[in-house]
Every structure is written in C-alpha cells, then in structure tokens.
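Visitor: The structure follows.
The values are calculated or read from the model by the stated rules, or taken from the named source; none is laboratory data. Every value quoted in this text rests on a predicted model; they were computed, and no experiment measured them. Ideal geometry is used to build each Cβ from the backbone, glycine not excepted, and the neighbour counts take in all protein chains shown. Surface areas here come from the heavy atoms of the whole protein model, side chains and all, with no ligands, DNA or RNA. Shrake-Rupley method; radii C 1.70, N 1.55, O 1.52, S 1.80 Å.
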Amino acid sequence: MKRFTYFLQFIILCFICVYSTAQKELQLCDYINPFIGASTNEGAAGIYHGLGKTFPGACTPYGLVQVSPNTITGGDNGSGYSYEHKSIEGFAFTQMSGVGWYGDLGNFLVMPTCGKIKTTAGKENSSDSGYRSSYDKRTEKASAGYYTAFLTKYQIKAEMTAAPHSGILRFTFPEGDQSRIQIDLARRVGGTSVLQDVEVVNGNTIQGWMKCTPDGGGWGNGDGNADYTVFFYAEFSKPFKKFGVWSADIPDNLERKREDVESSKYQDKIRAAKILESVTHQEGKHVGFYSEFTTNKNEQVLLKAGISFVSIEGAKNNLLTEIQDWNFNKVHQQARDLWNTALSKIQINGGSKDQKIVFYTSLYHTMIDPRIFEDVDGNYPGGDLKIHQNKKFTKRTIFSGWDVFRSQMPLQTIINPSLVSDMINSLITLAGEKNKSYLERWEFLNAYSGCMIGNPAVSVIADAYVKGIRNFDLNKAYDLAVNSVRLFGNRSYGYTADTLSISRTLEYAYFDWCVSRIAKGLKKTADEAYYAKRGQYYRNVFDKEVNWFRPRKSDGTWEVWPPEGRLKQGYGTIESNPYQQGWFVPQDIDGMVDLMGGKEKVIKDLILFFEKVPQNMMWNDYYNHANEPVHHVAFIFNRLGVPYLTQKWTRAICDRAYNNSVEGLVGNEDVGQMSAWYILASIGIHPICPGDTRYEITSPVYKSATIKLDTVYSKGKYFTIKTVNNSKQNVYIQHAILNGKAYNRCYLDHYDLMNGGMLELFMGSKPNLNWGRG
C-alpha cells in the first residue's frame, strides 16, 4: 500500500511539474528578450548607424518610465547602453529606444557604490575609473519588466523593475561602513542637463528636478530642440545616516554640447566637484546627491522614484499611486501582467522557441513608444509650457514619423487603434499649443525637432481616416495636413531641387496623395483632384536618359550622373541611394512600373535588387533592410503578378534579418518600425501604401496567428491567419480560403480583417504561379 501511495504521489508530482511547465509556456512575456538589438556597435554593423540601439532595462507597455543600465554617455549612442561594453555608469529612469542622432533622456542616473565617493562616472577602458563599475556578464539578465547585473567593482547585486510612471531598484550590498547610493542629476545621454535642483524632504526622501535644454546637447546634439524638465520624488528604504550633495563649478561661458561634455576639460571640472555633507537643498549646473550607510553582508537597500514631466507633486503622486510599499517582487509581477495583457493582442502558434522569442520581443519593441506623457492624474506639459489636462485622449510623445508611418503605425491601427487616435490628437493639440500651422515630422517631448524629411504625420492621419479611426478633430487635422504639404512639399515646378531631390520629391508626392485621400472622405472634390495631381509629381525626377530617378536642379537640368550610377549613396537621397529610394511610389505602383519600362523589366530589376543582398542582410547598396526606404519593396512583387516572389523574399528577410541575439536587428530599431515590419510580415500581411486599406498577403512564418480586435473599431472579435503544411521549405502559398470560401487574391482589405474571421493559407515547396493573380 505504501509503495502504491509513493507511486501515486510521484505521478501527481510529475503531473504538477508538467502542468507548471505548460502554465509557464502560456506566459507570453517569458518570450521577451530585451537584449535583442541592444548594441550601438558600429564595427559589428559595418556602418556608422550601428545596430539595434535598444535598451535592456525594465519598462511597461508605453510607459513613461524605463529603468535601465547605462554604459556610455556621449557619441551616437541613443539608448545609453551597448552590450559589448564592460562597465556600467548607473541605472537611469528614462531612455529612448532604437534611435540615432545622439539620443536623449538617460536622466536620474542611480548608482550603488562603496568606498571613497567619486563625482564623475569616468570613461570606458580608461584609467580614470570614476564611479562606474565593471560587471559580470554571466550575471546580467533581462526579461519583461526586470533587469539585473552584479557590479564586480563594488560586489553589489543590482536589480530593477518598473511601473508606468515610476520604478524601483534593489541593491544587495556587501558588509561595509561606506555603502552608498548616489544619483547623478546632471547626466543625460546626448549631453548634460543644464540645471538641477535637489531637496531633502525627510530622513529617507528627496525630491527635485533636472532641466534639459538644447544648450546641453541631447537630441541631435541640440539641433533637435529638446527642451524639457524631469521632476522626481524618490524614497530610500534605509534612512539617511550620512548624506550630502556634490556640485561642480561650471563657468557661464563653458559650452555644454555633447563634445564639450565628453572633453577632458569638462570632466576635470566634474572630478573637482565640491562634496557638501548634510546639505539639504542644492541648485546648480552639475549636481548629484548621495546617501551613505553601514550595511551587513547581503543587506538589501531599495530606492523607488516617481518621474513626471509636469511637477514634483506629479512625480510624488505617480509614485504613491503605483508603488505604495517596498514589495519589489509585487511591482515586478505587475509589470509582467501588463506585458502579458499587451502581448495577447496577437497569439501565435508554431515556430521554434527562438522564433517565438523574436516575435514577442518584436511586439514588445513596438509597445515602448509612442509613450504616455501624462501623469496618473491626466496632467501633461503642453507645448506652450503650461500644464494641460484632456480627458478625451491619452497624451503621448516620441513620434518617429519618417520611420513609423510605414509599418509601426499601420500595425497599431490593427491591434491598438485607440493609440493611433491618441497620437494624432497629441500632434494636433501640440500644434495648437506651439502656435504652429503644420504637423511635426519627428516629435520628442513637445519639441519640433525637424528630424528627417517629409510629412509622415499626414500619412498617419490618412491611414487612420480611411480605416475608420476618426476620434479627433477632422477639420483641424485636415488644415494641418494641408499646411504641412504646402510648407514642406514639391514646388510649383513640380519637384524639389536640392541635395535630397529624389527623396524629397518622391516622398512629398506620396504625402500629397495622402491629403487627397482625406479630402475625398471630406467631400472636398477640388482639393482631392489637386492633391491627387500633385501625387504624380514623382514623374518629374525620372530621367528617361538613364531610365531612373535622378536629382534635378531648379532650372530643369539634371545633376551629373555619377560613375556608380543609381548605387551612389546620398546622390539626391537621404540614408539611401537612388536604387533604394526610387521604389518609393507606393501611391501609384502601376504608374511607376510603366515609367520604368513595364512589368517584365521591373521584375528582373527587382530580382537583382534582392539577389545582390549579403546573406546577413546588414547595411548594403541593394535591398537594405537596415533602413526604412525599402521596407515596402518586397511586397511590390504582389502588384507585378508574381506574388510567389513576395512570399519567397519576405520569408528570407524574416529568417535572415531577425534573430534571437544581441545583433538580432540589422539596423536601428527606430522606435518600433523595424520590429513592426517583422510582426506584420511574419503573420502574413503588410501594407505597401498607408492611406490605402489594402494589405499584401505573404507567406507567414507561423502555423497560425490570432489577432484580438478592438470591438470599438471592428465588427469582429478575432481574425486568424492559419497555415496548413507550413515549414521552412514550404514557403509558397498554393491556395487560400477566406471564411470558408476560396480566395484567389494576394491582398486583404482592412475591413475584411476588422469583420473578423479566418484566412487559411495552404503552403507548398514550389510556387503556384496561378494563385494570387486575381
């Protein structure tokens, strides 16, 4: 009987283990690997743009706070972190994801230390150690809402997690009389904050602010016009035994841009900062705070902080609302729960574990921005420097327009349409607050940065409008769209004549077409015709002599054709060459094909465009997935009557350009764009032309993908794309069934998707030349 009992207990125990494992598999957030893309390494990328430039720290979906390790200040290191670095400066509460142009944020840098206090971080691979610490790579781990590493210089274990507006860090100290937590209030990724203030509130609490202006570098090294103030309210779990501030003497005439802050002259000033013990209030140009205490071996000391861009009171309210106690594990679990809910918008089935990690990490990266910019009470800082509150929408920020109009925002129209509405409302209200008559193309914390080209917000509005997302002031949106293309558009002679003639002319023509789409919906017939005509201006920079797009001067003559021909980088283009940029006529693929010499010629040219790409798909002169201008090109095969080539090449891109590693993104993540491309293509759909409701159908990576629809904007609850006989070899669609009926089109309408249902794709190892031509 005892043997039977033991056997039964053994069986039950095995069942529990199997059940627990199965339950763990159901946690979508377990497939997040925040290290994917977490490198700025130019050498590995083979180009100054670097790799993914993501950060590995803790955050929540679209949260205002990101608690993340920072390994570098200065240079073109937008996330403040690069995996190959061997030391950590500290852990900041704000970060940007996947950006170049020097980056910004990285504010409120917290560092646990021991021994003699240092007032400068020091530099990587330098004899000047500063307060930065080497860390054991084997202990560095990151997951949904969590990061940890062991700081070998101080023998301290650092852990962090986040809530939407606040964060908490847990430090496990060794035994010592000079254990410390210090906070560098001047620190900023792309430069420095220019003025800081800190005040001791009580025996374990501080509050204050950090002002960041273009004078201190930051976004675009000041050219991005970033001008913001970060407010904080922070509590320590261990009362202050000894505390104080450090303050460096920064002369008024000392320049404070990125290169100045990196200089030895400036660093010497910081190194010589005065350490002022027991000071309870300090304002200055380079200020830090420290709390020093005695610790027992393995004693844990925690710090939690609320962050606000509105006020100290807002920061305090954010913290007290979200993290009431010192339960680190509870906050971590809440972050996991938020990610599980967010990721459940798309449930995939099939694929290897690595493919699932790539998918859900990609989805995770699309859910960092556009982040919330308001406090828990709804207050947000306006472009007019006043505090506003609008209960009709959630105020959002960080709109990487030139990147995200292509895939990221179209993805959100499917899985998160209210976010798209929020972003449009945020841009419209910002224009009013700043008394601007046009829409900003790259918005950062209310700044009109002017980064990149075109009028991407017009595309986002047009795409939302045609898809029935209209919870914004349509008249204001239309007026701003019209003014945007009027102020930044092709001139009266029908093209743009400058150093970016091809890129600007083609993109401006597309955005004009977008205005025509909105005008059509608003029954503005004359405007519709006018902007549709302007949408054809791309033709004016096509030179029949060279049979390709060519930069044109204001007098009508052409720029000299270079020896490299259309492969010459920067020849009338931005971050591309004419071969890459020339395919950007999404609003009129048929017209573009006729201009280029017809389908057969274009098919051959496109095949060459893809076959010349290196196996690893890193930066190159052909299909360069590392950057945005070509992101729609693989889907053009659908429009040419050879959809099997779209299927072939999108599967190849998914397989070769994305993987589960630090170098798993071949280019900058670009605030969700790179990952959004993967999400859409890997489940089997992607737009060529935002502003149109057509999605191109392609070969899914996964056995099935079920999209949870927002019933406010859709008639259906779920739409599933299911494959039969799918494998690494079986990449070609043989036939399809939509909601029980044979389907022979290689595209799907947005409203078919919103109605809910199922698209079944039957796969095979050889192309079916007849499917998808209807």
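Visitor: Right, Asp177: open to solvent by 10 Å² or more (accessible area, probe 1.4 Å), farther than 17 Å from Thr71 by Cβ and not in a strand (DSSP E or B) or not? Reasoning before the result, please.
Guide: Details: open to solvent by 10 Å² or more (accessible area, probe 1.4 Å): yes; farther than 17 Å from Thr71 by Cβ: yes; not in a strand (DSSP E or B): no.
So Asp177 fails the test.
Visitor: Additional query: Out of Pro578, Pro629, Pro586, I need the residue that is at pLDDT 95 or above, open to solvent by less than 10 Å² (accessible area, probe 1.4 Å) and in contact with a Cys (Cβ under 7 Å, 6 or more places away or on another chain). Which one? Don't jump to the end; show me each part of the working.
Guide: Values: Pro578 fails: in contact with a Cys (Cβ under 7 Å, 6 or more places away or on another chain); Pro629 fails: in contact with a Cys (Cβ under 7 Å, 6 or more places away or on another chain).
After applying the criteria, what remains is Pro586.
Visitor: Take the stretch 417-450 and flag every residue that is polar (S, T, N, Q), under 19 Å from Tyr62 (Cβ atoms) and in contact (Cβ under 8 Å) with a residue 60 or more places away in the chain.
Guide: Going through the stretch 417-450, the residues polar (S, T, N, Q) turn out to be 418, 421, 425-426, 429, 435, 437, 446, 449.
Next, only the ones that are under 19 Å from Tyr62 (Cβ atoms) stay: 418, 421, 425-426, 429, 446.
Listed by number, the residues that qualify are Ser418, Asn446.
Visitor: Can you tell me which residue among Gly145, Gly115 is under 30 Å from Ala273 (Cα atoms) and at pLDDT 95 or above? Give the steps one after another, and end with the answer.
Guide: Working: Gly145 fails: under 30 Å from Ala273 (Cα atoms).
So the residue among Gly145, Gly115 that is under 30 Å from Ala273 (Cα atoms) and at pLDDT 95 or above is Gly115.
Visitor: Moving on. Could you look through the stretch 149-174, keep only residues that are assigned to a strand (DSSP E or B) and of a type in the set (Gly, Ala, Ser), and pick out the one that is surrounded by the most Cβ atoms within 10 Å (Cβ to Cβ)?
Guide: Filtering the stretch 149-174 down to residues assigned to a strand (DSSP E or B) leaves 149-151, 156-162, 166-173.
Subset that is of a type in the set (Gly, Ala, Ser): 149, 158, 162, 166-167.
Numbers: Ala149: 23, Ala158: 25, Ala162: 30, Ser166: 29, Gly167: 36.
Here the residue is Gly167.
Visitor: While we're on this one: Could you figure out which of (1) under 24 Å from Tyr623 (Cα atoms); (2) surrounded by fewer than 16 Cβ atoms within 10 Å (Cβ to Cβ); (3) of a type outside the set (Lys, Arg) isn't true of Phe549?
Guide: Exception for Phe549: condition (2).
Visitor: Sticking with this structure for a sec: For Phe289, only one of the following conditions fails: (1) open to solvent by less than 10 Å² (accessible area, probe 1.4 Å); (2) under 25 Å from the mean Cα position of the chain (by Cα); (3) closer than 16 Å to Phe108 by Cβ. What is its number?
Guide: (2)
Visitor: Okay, moving on. Report whether or not Asn659 is on the phi < 0 side of the Ramachandran plot, buried (at least 24 other Cβ atoms within 10 Å of the Cβ) and not aromatic (Phe, Trp, Tyr). Talk me through it step by step, then tell me what you get.
Guide: On the way: on the phi < 0 side of the Ramachandran plot: yes; buried (at least 24 other Cβ atoms within 10 Å of the Cβ): no; not aromatic (Phe, Trp, Tyr): yes.
For Asn659, the condition - on the phi < 0 side of the Ramachandran plot, buried (at least 24 other Cβ atoms within 10 Å of the Cβ) and not aromatic (Phe, Trp, Tyr) - is not met.
Visitor: Which ranges mark the helices (runs of 4 or more DSSP H) fully within the stretch 240-324 that have 3 or more residues being over 25 Å from Asp215 (Cβ atoms)?
Guide: Working: elements: 258-262, 264-271, 312-322.
The helices (runs of 4 or more DSSP H) meeting that bar are 312-322.
Visitor: Can I ask one more? Just the residues that are touching a residue at least 24 places away in the same chain (Cβ under 8 Å) and acidic (Asp, Glu), please, taken from the stretch 737-774.
Guide: Asp749, Glu760
Visitor: Which pairs do you get when a residue that is under 11 Å from Val460 (Cα atoms), found in the stretch 390-414, comes within reach of a residue that is of a type in the set (Phe, Trp, Tyr), reach meaning Cβ atoms under 6 angstrom, with the pair 6+ apart or on two chains?
Guide: Gly401/Trp442; Ser407/Trp677
Visitor: Assuming Leu105 fulfils every condition listed in (1) crowded, with 23+ Cβ neighbours inside 10 Å; (2) under 24 Å from Phe328 (Cα atoms) apart from one, which condition is it?
Guide: For Leu105, the failing item is (2).
Visitor: Within the stretch 673-686, can one find any residue that is touching a helix residue (DSSP H, G or I) at 6+ places or on another chain (Cβ under 9 Å), β-branched (Val, Ile, Thr) and part of a loop (DSSP other than H, G, I, E, B)?
Guide: No.
Visitor: Please list, ordered by first then second residue, the pairs with beta carbon atoms under 7 Å, 6 or more apart or interchain, first in the stretch 85-98 and surrounded by fewer than 24 Cβ atoms within 10 Å (Cβ to Cβ) and in a loop (DSSP other than H, G, I, E, B), second at pLDDT 95 or above and not hydrophobic (A, V, I, L, M, F, W, C).
Guide: Every condition considered, the pairs that remain are His85/Thr71; Lys86/Ser134.
Visitor: Oh, and also: Is at least one residue of the stretch 601-610 surrounded by fewer than 22 Cβ atoms within 10 Å (Cβ to Cβ), part of a helix (DSSP H, G or I) and basic (Lys, Arg)?
Guide: Scanning the stretch 601-610, I find at least one residue that is surrounded by fewer than 22 Cβ atoms within 10 Å (Cβ to Cβ), part of a helix (DSSP H, G or I) and basic (Lys, Arg), so the answer is yes.
Visitor: So for the stretch 373-380 (the condition being modelled with pLDDT of 95 or more and within 29 Å of Gly52 (Cα to Cα)), does at least one residue qualify? If you could, list the steps in order and put the result at the bottom.
Guide: From the stretch 373-380, those modelled with pLDDT of 95 or more are 373-380; that's our starting set.
Next, from what is left, pick out any that are within 29 Å of Gly52 (Cα to Cα): 373-374.
Among the residues of the stretch 373-380, at least one is modelled with pLDDT of 95 or more and within 29 Å of Gly52 (Cα to Cα), which makes the answer yes.
Visitor: In this structure, does Thr525 turn out to be under 30 Å from Thr429 (Cβ atoms) and out of contact with any strand residue (DSSP E or B) (no Cβ under 9 Å at 6 or more places or on another chain)? If you could, list the steps in order and put the result at the bottom.
Guide: Details: under 30 Å from Thr429 (Cβ atoms): yes; out of contact with any strand residue (DSSP E or B) (no Cβ under 9 Å at 6 or more places or on another chain): yes.
Yes: the conditions hold for Thr525.
Visitor: Looking at the stretch 720-751, which of its residues are outside any strand (DSSP E or B) and either open to solvent by 60 Å² or more (accessible area, probe 1.4 Å) or under 17 Å from Gln647 (Cα atoms) (or both)?
Guide: Asn725, Asn726, Ser727, Lys728, Gln729, Asn730, Val731, Asn739, Gly740, Asn744, Cys746, Tyr751 - these are the residues of the stretch 720-751 that are outside any strand (DSSP E or B) and either open to solvent by 60 Å² or more (accessible area, probe 1.4 Å) or under 17 Å from Gln647 (Cα atoms) (or both).
Visitor: Also: Consider only pairs whose beta carbons are under 8 Å apart and that are at least six residues apart or on different chains; among these, list those whose first residue lies in the stretch 479-497 and is touching a residue at least 12 places away in the same chain (Cβ under 8 Å) and whose second residue is of a type in the set (Lys, Arg) and open to solvent by 70 Å² or more (accessible area, probe 1.4 Å).
Guide: Matching pairs, first to second residue: Ala497/Arg491; Ala497/Lys553.
Visitor: Only residues that are open to solvent by 20 Å² or more (accessible area, probe 1.4 Å) and in a loop (DSSP other than H, G, I, E, B): list them for the stretch 108-148, please.
Guide: If the condition is that a residue be open to solvent by 20 Å² or more (accessible area, probe 1.4 Å) and in a loop (DSSP other than H, G, I, E, B), then Gly115, Lys116, Ile117, Lys118, Lys123, Glu124, Asn125, Ser126, Ser127, Asp128, Ser129 are the ones that fit.
Visitor: Scan the stretch 383-396 and give yes if some residue there is of a type outside the set (S, T, N, Q), surrounded by 20 or more Cβ atoms within 10 Å (Cβ to Cβ), within 27 Å of Cys689 (Cβ to Cβ) and at pLDDT 95 or above, otherwise no.
Guide: Restricting attention to the stretch 383-396, the residues satisfying the condition of being of a type outside the set (S, T, N, Q) are 383-388, 391-393, 395-396.
Still in the running and surrounded by 20 or more Cβ atoms within 10 Å (Cβ to Cβ): 383, 395-396.
Then drop every residue that is not within 27 Å of Cys689 (Cβ to Cβ), which leaves 396.
Applying the additional criterion that residues be at pLDDT 95 or above yields 396.
So far as the stretch 383-396 goes, yes, one or more of its residues are of a type outside the set (S, T, N, Q), surrounded by 20 or more Cβ atoms within 10 Å (Cβ to Cβ), within 27 Å of Cys689 (Cβ to Cβ) and at pLDDT 95 or above.
Visitor: Would the stretch 229-239 turn up any residue that is closer than 19 Å to Lys118 by Cα and either in contact (Cβ under 8 Å) with a residue 60 or more places away in the chain or touching a Leu at 6+ places or on another chain (Cβ under 8 Å) (or both)? Give the derivation first.
Guide: Initial filter on the stretch 229-239 (closer than 19 Å to Lys118 by Cα): none.
No, every residue in the stretch 229-239 fails to be closer than 19 Å to Lys118 by Cα and either in contact (Cβ under 8 Å) with a residue 60 or more places away in the chain or touching a Leu at 6+ places or on another chain (Cβ under 8 Å) (or both).
Visitor: Quick one: which of Ala526, Ala457, Ala464, Ala532 is in a helix (DSSP H, G or I), free of Cβ contacts under 8 Å to residues at least 24 places away in the same chain and in contact with a Lys or Arg (Cβ under 9 Å, 6 or more places away or on another chain)? If you could, list the steps in order and put the result at the bottom.
Guide: On the way: Ala526 fails: in contact with a Lys or Arg (Cβ under 9 Å, 6 or more places away or on another chain); Ala457 fails: free of Cβ contacts under 8 Å to residues at least 24 places away in the same chain; Ala464 fails: free of Cβ contacts under 8 Å to residues at least 24 places away in the same chain.
So the residue among Ala526, Ala457, Ala464, Ala532 that is in a helix (DSSP H, G or I), free of Cβ contacts under 8 Å to residues at least 24 places away in the same chain and in contact with a Lys or Arg (Cβ under 9 Å, 6 or more places away or on another chain) is Ala532.
Visitor: Looking at Met596 and the list (1) in contact with a helix residue (DSSP H, G or I) (Cβ under 6 Å, 6 or more places away or on another chain); (2) surrounded by 21 or more Cβ atoms within 10 Å (Cβ to Cβ), which single condition is not satisfied?
Guide: (2)
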